[in-house]
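One structure below.
The values are calculated or read from the model by the stated rules, or taken from the named source; none is laboratory data. Please read all numbers here as calculations on a predicted model, not as lab measurements. FYI the Cβ positions are ideal-geometry reconstructions off the backbone, even for glycines, and counts take in every protein chain you see.
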Amino acid sequence: MIRLRYRITFAVATFALGVLVWNRVPASAGGAHCDPIATEGPTCRTRPIDLVICLDTSGSMEGLIDSARARLWDIVNSLAKARPVPKLRVGLITYGSPSRSTANQGWVVSQKDLTTDLDSVYAKMMSFRTDGGDEFVGWALRRALDWMSWSSDGSALKLIFIAGNESADQASEVFNFRYVAEEARNRGIIINSIYCGDRRAGINEHWDQVAACGGGSYSAIDMQCGTVQIEAPQDKLLLELNMKLNATYVPYGTMGEAGRMEQIRQDKNAERVGQASIASRAQAKGTRLYDNAHWDLVDGVREKKVDLKDLKESDLPAAMQAMPMEEREKFVETQAVARAEIQKQIAEVSAAREDFLRKARANASGGKQSLDEAMLEAIRTQAQQKGFEFE
């Protein structure tokens, strides 16, 4: 495959964004695209990835929930390497906890519809608690099909990951996972199953059939592997860059201040999980998959979701309200330039960190597979089949 890499350096008086690297890729990979941390150019193209995670939150699943909290940002970071750049939306469903649902709903809860707002997804994940209950796999998959606002784009990669550790055939007289999975495949949705325990035990409980019927992959994981926090030499610098990155966000509108506070809360939540988790989150915030166009002016203007000229004075932060329009535009441009530079530094530091962690995790796991490893292995394979490429 022939790749042509062009370096285009340009200076625009109203929006100096430095150096962008554009790649030409085969048509099968979705056409031209842009750097994951750069402002979208005239030939940039993204492609949707819808990822719905269904987690068993019954009493024995504390390790699974902790793994999901610890490794969500690692999954985002790996997806950020895909080309074309994904337009990632994540949805969350829990099942198996009677304290949060009812019998006529099969103990299934739609925690979060598919969204680009990764902070809101992480906030939900951090709120999960486990308790005893029945785990109805077919019912959870049925709700994933019905409740999520799946993309209608024919080029979208649409995935479900369902994880648990009881028989997949519970309540099959109501919703048999085999028929639900067949419908999912007809709608272009791939179902992957993750059994939390011994691989053979998962096969005995029909978890391999969930994946086979859904056109996806079956994995068995050690829940505790994903909770191991491995500190890297680059973590401290990433935390410093994260603080600088936060300072480039410019809240606007009715959601602005709430969005800014939520960003800070989820930084603290990740830090509570461990230094490795907050470093991984900082790394994810350095990519274009971390999108806050609904409350941040820099993202909003870049994605053409908002026009400064259309905003009322009261929609702007206090520091911008007294500025004339030309100064407002310049202020947002300055923040965009600063953010691009910080994101560039994050990308450079992250490359060294990933190199370190790859070796350290291989030694620490003892050959056992963690939640994020199982998910990423399946995602990469299925994304490549859909025309994505990975660095």
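Annotation note: of Gln384, Gln345, the sole residue that is free of Cβ contacts under 8 Å to residues at least 12 places away in the same chain and either surrounded by fewer than 15 Cβ atoms within 10 Å (Cβ to Cβ) or out of contact with any Cys (no Cβ under 7 Å at 6 or more places or on another chain) (or both) is Gln384. Do you know which residues across the stretch 336-376 are under 23 Å from Leu51 (Cβ atoms) and not in a helix (DSSP H, G or I)? Listed by number, the residues that qualify are Gln369, Ser370. With the requirement that a residue be in contact with a Gly (Cβ under 9 Å, 6 or more places away or on another chain) and not aliphatic (A, V, I, L, M), what does the stretch 344-360 give you? Within the stretch 344-360, Lys344, Gln345, Ser350 qualify.
Return the residues of the stretch 314-329 that are in contact (Cβ under 8 Å) with a residue 60 or more places away in the chain and part of a helix (DSSP H, G or I); say none if nothing qualifies. Please lay out each step first, then the result.
The initial filter retains those residues of the stretch 314-329 that are in contact (Cβ under 8 Å) with a residue 60 or more places away in the chain, namely 315-317, 320, 329.
Listed by number, the residues that qualify are Asp315, Met320, Glu329.
Restricting the first member to the stretch 168-192 and to residues that are in contact (Cβ under 8 Å) with a residue 40 or more places away in the chain and crowded, with 18+ Cβ neighbours inside 10 Å, and the second to residues that are of a type in the set (A, V, I, L, M) and part of a loop (DSSP other than H, G, I, E, B), the beta-carbon pairs closer than 8 Å and six or more apart or on different chains are Phe177/Ala168.
Reported count of residues in the stretch 156-182, each being over 13 Å from Tyr195 (Cβ atoms) and among the polar types (S, T, N, Q), is 3.
Counting just the residues of the stretch 348-381 that are acidic (Asp, Glu) and over 29 Å from Met243 (Cβ atoms), which one comes out surrounded by the fewest Cβ atoms within 10 Å (Cβ to Cβ)? Don't jump to the end; show me each part of the working.
The initial filter retains those residues of the stretch 348-381 that are acidic (Asp, Glu), namely 348, 354-355, 372-373, 377.
After this cut, where a residue has to be over 29 Å from Met243 (Cβ atoms) as well, the list is 373, 377.
Details: Glu373: 20, Glu377: 14.
If we take residues in the stretch 348-381 being acidic (Asp, Glu) and over 29 Å from Met243 (Cβ atoms), then Glu377 is surrounded by the fewest Cβ atoms within 10 Å (Cβ to Cβ).
Taken over the stretch 206-230, residues that are outside any strand (DSSP E or B) and at pLDDT 95 or above amount to 9.
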